[in-house]
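Written below as structure tokens is the structure these notes are about.
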């Protein structure tokens, strides 16, 4: 199977079912959930910022994002020692979706800060669990291309998602579009969990 040159379908065929499902939910989160980070200034308008101006509110939200990522980076090595990469990816993928729904549904600034920190940490843990799976579960011959696919997804899908959300928000509100995508992501995640649970 792995003689000679490798094509992209050789890489995809090397994914077993848990790995394929983990990558599917990672790509879905990158496209539907992570654009909120790129579009964060637009969400400040809908929050009750408790007397803070928009620049201060935005800086606090980005600080919460950084804090959540830092905690996620510290926690992920412990989590991956306790559970498999697939379990960690699924749990924190779902946590990311729920955190974004809380962020989008909250009118209060304090709740939004907590939700943003949870979202950032969960997205980071989800991504690291997926990347570690690529590095440890695939045969060496396809590992480089698999990691390239991971990087393209990690970098490209949020940008594509943000472009589509921004264009659609010209017709509907930014919050309504992002909430609809988060609900879609929740439904897709439930389907992925159900498929993974099937024997």
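What follows is calculated from the coordinates using simple rules that are stated; it is not laboratory data. Because the structure is a prediction, the values reported are computed rather than measured. We place every Cβ from the backbone using ideal geometry, glycine too, and count neighbours over all the protein chains shown.
Details
- Contact order relative to length of the chain, as percent, for alpha carbon pairs under 8 angstrom and 6 or more apart: 35
- Overall Cα dimensions of the stretch 16-197 - principal axes, largest extent first, Å: 54, 35, 29
- Of 87, 160, 142, the sequence from fewest to most neighbouring Cβ atoms within 10 angstrom is 160, 87, 142.
- Whole-Å distance, taken between Cα centres, linking the stretch 138-199 and the stretch 29-104: 15
- The label-point distance for residue 194 and residue 148, in a model that sets each label 7 Å from Cα toward Cβ, rounds to 3.7 nm.
- Neighbour-count ranking [beta-carbon atoms within 10 angstrom, fewest first] of 170, 100: 170, 100
- Here the Kirkwood formula puts the hydrodynamic radius of the stretch 139-189 at 12.8 Å, using every distinct Cα pair.
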